[in-house]
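Only the coordinates and a few stated rules stand behind these numbers; no lab work does. On a predicted model such as this, the values are computed, not experimentally measured, just so you know. We place every Cβ from the backbone using ideal geometry, glycine too, and count neighbours over all the protein chains shown.
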Amino acid sequence: MQDSLEALEEAYRLALDYRRGLAGRPCAPERSYDDMRAAFAAPLPASPSPAVEVIRELARTGEPGLMQMAHPRFFGWVLGGSHPAGVAADWLASAWGQNTGYHTSSPTAAAVEEVAAGWILEILDLPRAASVGFVTGATMGNFTGLAAARGEVLRRHGWDPDADGLFGAPPIHVHIGEDAHTSVFSALQYLGLGAGRVIRIATDGQGRMSARDLMREVRAREGPKVIIAQAGQINTGAFDPFAELVAIARGSGAWLHVDGAFGLWARASPGLKALTDGVEGADSWATDGHKWLQTPFDTGYAIVRDREAHERAMTTWASYLPARNEGERIPSSLVPELSRRARGLATWAMLKTLGREGVAEMVARHSAVARHMAGRLGAEDGVRVVNEVAINQVIVEFGAETESAGARRALTQEVIDRVVETGICFVGGATWRDKWVMRISVIAADTTVEDGDAAVDAMLDAWREARAAHPVGA
Ligand SMILES: *Cc1c(COP(=O)(O)O)cnc(C)c1O
């Protein structure tokens with residue numbers, strides 16, 4: 001065991017080398033998935049190896065296949081930058097070997113998590129008495145919030161699904177915007193509510209749910225009801241009209257859950273907070289630490305106004321587990337897992353490192369960089385910014401509007417490929433409405449306007465090359 005400790009030192013050295021050289025690396029992996037499978041493929045080791053050599057081999061073999069997700073010009077998907085403070089706290093969580101299932105088994109892990117939970121409620125300005133479970137990400141945040149919703153709306157109709165299951169229960173009407181994130185459908189699937197058995201509510205051009213359509217659908221049915229809203233549409237960054245949705249939910253006895261994986265963090269910025277007005281009136285919220293808060297993966301939060309409903313949905317109990325006194329917060333009673341890493345340490349460390357002002361500055365800066373990039377891109381002939389840039393998301397289509405949809409699609413993909421090839425930044429693509437678009441998500445901790453400019457320069461060069469290779473009408 002003592003010999004193995006050298007492995008920690010080696011990992012530390014390798015991690016520092018990687019992070020110090022990060023900004024100079026090409027963003028995209030140098031090797032493909034197939035290359036990496038071939039590089040790692042080996043028979044199950046029959047005999048032991050020194051831990052330090054194992055770690056050295058992992059880094060040496062693995063680094064060429066890394067995507068530089070913590071790079072300041074990584075704009076792919078919507079991912080945070082694994083800030084060194086959060087990573088360091090996470091190292092300690094693992095090195096200390098703390099299982100955070102119970103408060104008495106690791107007082108430090110449970111207490112830090114409890115304090116961090118309070119800070120999360122404060123910085124997001126959500127009801128201070130709400131409960132916060134530390135989950136793997138927004139997918140499990142959605143699952144946990146919707147599990148509490150399922151239990152509570154059925155209990156109000158005389159049924160306890162946590163004890164009796166769903167067979168024979170009154171059907172729950174689940175209302176969801178047309179442009180909800182795919183992970184919410186997964187959560188509905190896990191919960192036995194059905195990913196397809198939902199009432200889809202119309203959305204506007206930015207993906208915002210129509211309150212009028214929701215009102216009509218909610219009024220059309222009797223029985224237990226859940227409404228799933230969104231803070232930050234994955235492509236456009238748009239916010240649902242929360243104040244209206246809250247009024248509809250309250251008026252109909254529906255539970256309102258909000259998927260705010262990244263968008264809920266707009267509340268940390270005084271200049272952007274108004275985008276989320278009313279969201280504090282919802283019943284549950286899911287958000288991520290590993291996106292805008294920059295903790296390492298995997299960290300998300302399941303936040304529920306009604307602590308009892310939250311605990312009923314998630315409590316694990318057995319006689320061998322420590323007893324609980326009134327008012328104590330049991331980490332495992334708010335999340336699906338029993339045994340898990342002390343995830344709260346990274347959240348505590350990030351909030352302490354950045355502080356309220358640091359988070360506000362970062363969220364505002366990312367949104368300003370996104371607006372700046374959108375402004376420059378949209379000014380170019382044949383380049384269209386498709387969304388209203390409210391926060392950190394920009395989606396862009398390339399090609400003249402007079403060209404066919406197929407031609408624009410091919411051009412947009414060619415620009416994406418050329419940009420990624422330069423290594424200067426990383427972007428991906430997605431379908432938005434009937435268009436194939438380039439997605440830019442400005443969310444890595446260190447990204448500045450200069451990074452945005454360097455990326456736009458690369459994008460416009462790529463566009464001009466693609467245009468020259470495929471002239472209009474060719
Ligand atoms: C990222 C994201 C999710 C899923 O979150 P994970 O952390 O990947 O589980 C859900 N909803 C939205 C809007 C997201 O951006």
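Observations
- Exposure rule at most 16 other beta-carbon atoms within 10 Å, DSSP loop trypsin sites (Lys or Arg not before Pro): the chain longest free segment: 325-432
- Exposed-loop-free span, longest in the chain, where chymotrypsin sites (Phe, Trp or Tyr not before Pro) count as exposed if DSSP calls them loop and at most 10 other C-beta atoms lie within 10 Å: 1-166
- Gained length - residue 125 relative to residue 37, 0.36 nm times residue gap less alpha-carbon distance: 27.2 nm
- Put simply, the convex hull of the Cα atoms in the range 158-297 casts, on average, a shadow of 9.2 nm².
- Exposed GluC sites (Glu not before Pro) absent: longest stretch of the chain, with sites in DSSP loops and at most 10 other Cβ within 10 Å deemed exposed: 1-221
- Cβ-placed point charges (K, R +1; D, E -1), dipole of the chain about Cα centre in debye, nearest 20: 820
- Value in Å of the Kirkwood radius, where the chain supplies the Cα pairs that are averaged: 23.8
- Between the range 1-41 and the range 87-109, the Cα center-to-center distance that results, in Å: 24
- Label point distance in nm, residue 17-residue 95, each placed 7 Å from Cα along Cα→Cβ: 1.9
- Since only 157, 468, 193 are under comparison, the one whose Cα sits farthest along the positive direction of the charge dipole of the chain, derived from C-beta charges on Lys, Arg, Asp and Glu, is 157.
- Volume per residue of the convex hull around the Cα atoms, evaluated for the range 2-68, comes out as 72 Å³.
- Per residue, the convex hull spanned by the Cα atoms of the range 383-444 measures out at 79 cubic angstrom.
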